[in-house]
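Structure record follows, encoded as structure tokens.
The values are calculated or read from the model by the stated rules, or taken from the named source; none is laboratory data. Everything quoted here is computed from the prediction, not taken from an experiment. Note: ideal-geometry Cβ built from the backbone for every residue, glycine included; neighbour counts use all protein chains shown.
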Amino acid sequence: MAEAHQLMLYNTLTRTKELFEPLDPQNVRMYVCGPTVYDYAHIGNARPVIVFDVLFRLLRQIYGARHVTYVRNITDVDDKINARAAEEGVSIRELTERTAKQFHEDIAALDVLPPTVEPRATEHIAEMKVMIEELVEKGHAYVAEDHVLFNVPSMPDYGKLSNRSLEEMEMGARVEVAPFKKDPKDFVLWKPSKEGEPSWPSPCGIKKPGRPGWHIECSAMAAKHLGDVFDIHGGGIDLVFPHHENEIAQSRCAHTSDVMARYWLHNGFLQVEGQKMSKSLGNFITIHELLEEWPGAIVRFNMLRTHYRQPIDWTRKSLEESRVTLDRWGELCDAIGGVVGEGWLPSSEVVDALCDDLNTPLAISRLHELAKQAKSGSPAQAEQWLASVALLGLDVAHWVSPVKIAELMEVTDPELATRVKGLVEARSKARKAKDYKESDRIRDELAGIGVTLKDSKNPETGEIETTWEVDFKMIPR
Ligand code: AMP
Ligand code: ZN
């Protein structure tokens, strides 16, 4: 497997698609910036989680599951956390623990594999302090008014990742230049804590207790778990500047290395129904809310229909379309009777599509083709299709199609099934008698118990036929 597939990845650092060659194929190493835990994660946050989960699965497929180390951190010290804890009147620990638990529950429903290591910032303060002191010793950082600041001009090629001119960067920094900064672009490595904020004894002989800046957290956690230089670093496109630029500056200057990670991958942004997602527009969707209405597999599949570098427009219409595909695939899975067996290999066409900079839309269109063959072909083709679907992390073997739910309901709740069927018939009669008021009333009554009606014209008889689907939450588990 390893030799047959060449993995190409678009590297933000070089702005080209490059052949991926790990430093050590026995231990391929990837770091992805994780959530800051102060509130439910939103659907935009789910994008890097799902995208890099697919990459993790692909790397495991190519190099072997035991030869990939994936680190995704949890940021549990941050201004937003302090503010929210104060607002809610709870301790910081209570807030971060609760939010991290919610995050884990949400993404588990999206069939995301746990990373190999999930480090927390507050458990790596000692490593951050060591790194900060190294940066001061090497002349890349300085102490000023109980802060430690990274001195940007000390690094001649700062800015390579975001490819910004120094002028642009200065414009960005000028908004809040603290008077003690030597250069407006200098950024915080450590700062004093205010009353009530989390604090630790400071490095560099600073008397006042303090806390780390955001960027140093990732540099220290990545070095601890992956080494000074590693293979892949990922996150959303908004993190390129300043977060990733500053991570690179800290890590390279502390470790005297040419790069921090060799391949930098960034997912595009997600918007909702054509608009930027924001609380003020009222179109802000948390993963938690979405999962109330849609099964996680649909959310995951819908995310993967767009290439990870493209912007994605999250719409109800595309969720509906995703549902139709998964229903069809779920039925096919039932028909060919399968859970993926040990050692089954995915189709090389699907692997190749993913190896082309994680081209999930192409992989999906190939899965559609392969589904046709799986339906009428040999058991080997069915096996290959199932293994390929599993490579995208889509658990169709456990997908319960609406038809199957209706069948299951006949067994688990025959009384309810009889009531539903009676109501569907009564509605058909009302429609035939053109009593639309009554037919709408029945439709609403059915909706109230989680049943959706689908009317479609029978192409042969021309008659309207009604099928019904049950809300996925009524699936007997
Ligand atoms: P945060 O908790 O804000 O640091 O975000 C966690 C991750 O979600 C980062 O990788 C962000 O780049 C990513 N992210 C945040 N908002 C969006 C969005 N609307 N679309 C795609 N990715 C996003
Ligand atoms: Zn980070």
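For the range 115-154, which residues satisfy the criterion of being under 24 Å from residue 70 (Cα atoms), in a loop (DSSP other than H, G, I, E, B) and in contact with a Ser or Thr (Cβ under 7 Å, 6 or more places away or on another chain)?
The one that is under 24 Å from residue 70 (Cα atoms), in a loop (DSSP other than H, G, I, E, B) and in contact with a Ser or Thr (Cβ under 7 Å, 6 or more places away or on another chain): 116.
I'm told residue 382 meets every condition in (1) of a type outside the set (Asp, Glu); (2) within 30 Å of residue 312 (Cα to Cα); (3) touching a Gly at 6+ places or on another chain (Cβ under 9 Å) except one. Can you identify the failing condition by its number?
Evaluating residue 382 over (1) of a type outside the set (Asp, Glu); (2) within 30 Å of residue 312 (Cα to Cα); (3) touching a Gly at 6+ places or on another chain (Cβ under 9 Å) leaves (2) as the failure.
Kindly check whether there is at least one residue in the range 138-150 that is out of contact with any helix residue (DSSP H, G or I) (no Cβ under 8 Å at 6 or more places or on another chain) and closer than 26 Å to residue 257 by Cβ.
yes
Cβ-Cβ below 7 Å, separation at least six or inter-chain, first residue in the range 148-168 and within 19 Å of residue 16 (Cα to Cα), second of a type in the set (Asp, Glu): which pairs?
Listed pairs, sorted by first residue: 159/245; 161/245; 162/245.
Of all residues in the range 273-286, count the ones that are on the phi < 0 side of the Ramachandran plot and free of Cβ contacts under 8 Å to residues at least 60 places away in the same chain.
7
For the range 284-316, what are the residues that are more than 16 Å from ligand 1 (Cβ to nearest atom), modelled with pLDDT of 95 or more and more than 14 Å from the chain's Cα centre (by Cα)?
none
List pairs: first in the range 221-243 and farther than 14 Å from residue 11 by Cα and in the same structural domain as residue 118 (by TED's automatic domain parsing), second away from ligand 2 (no atom under 11 Å from the Cβ) and in a helix (DSSP H, G or I), Cβ under 6 Å, 6+ apart or cross-chain?
224/127; 228/255
What residue, among those in the range 25-63 that are part of a helix (DSSP H, G or I), among the β-branched types (Val, Ile, Thr) and within 16 Å of ligand 2 (Cβ to nearest atom), is surrounded by the most Cβ atoms within 10 Å (Cβ to Cβ)?
It comes out as 51.
For the range 361-383: of the residues being surrounded by 22 or more Cβ atoms within 10 Å (Cβ to Cβ) and closer than 17 Å to residue 57 by Cβ, which is farthest from the chain's Cα centre (by Cα)?
367
Looking only at the range 428-452, which residues are in contact with an Asp or Glu (Cβ under 8 Å, 6 or more places away or on another chain) and within 14 Å of residue 467 (Cβ to Cβ)?
451, 452
Within the range 415-452, track down each residue that is part of a helix (DSSP H, G or I), surrounded by 12 or more Cβ atoms within 10 Å (Cβ to Cβ) and among the charged types (D, E, K, R).
Correct list: 419, 421, 425, 427, 429, 431, 438, 440, 441, 443, 445.
Show the residue pairs that are 6+ apart or on different chains and have beta-carbon atoms under 6 Å apart, the first residue being within the range 115-134 and free of Cβ contacts under 8 Å to residues at least 12 places away in the same chain, the second being surrounded by fewer than 21 Cβ atoms within 10 Å (Cβ to Cβ).
Nothing qualifies.
Select, from 248, 206, 232, the only residue that is within 19 Å of the chain's Cα centre (by Cα) and away from ligand 1 (no atom under 11 Å from the Cβ).
Exactly one residue qualifies, and that residue is 232.
Hey, can you tell me all the residues within the range 252-272 that are within 13 Å of residue 216 (Cβ to Cβ), in contact with an Asp or Glu (Cβ under 8 Å, 6 or more places away or on another chain) and either without any contact (Cβ under 8 Å) to a residue 60 or more places away in the chain or away from ligand 2 (no atom under 16 Å from the Cβ) (or both)?
260
So is residue 66 in contact with a Lys or Arg (Cβ under 9 Å, 6 or more places away or on another chain), under 21 Å from residue 111 (Cα atoms), surrounded by 15 or more Cβ atoms within 10 Å (Cβ to Cβ) and free of Cβ contacts under 8 Å to residues at least 12 places away in the same chain or not?
When the stated conditions are applied, residue 66 does not pass them.
Consider the range 310-346. How many of its residues are assigned to a loop (DSSP other than H, G, I, E, B) and in contact (Cβ under 8 Å) with a residue 60 or more places away in the chain?
Residues flagged as assigned to a loop (DSSP other than H, G, I, E, B) and in contact (Cβ under 8 Å) with a residue 60 or more places away in the chain within the range 310-346 amount to 2.
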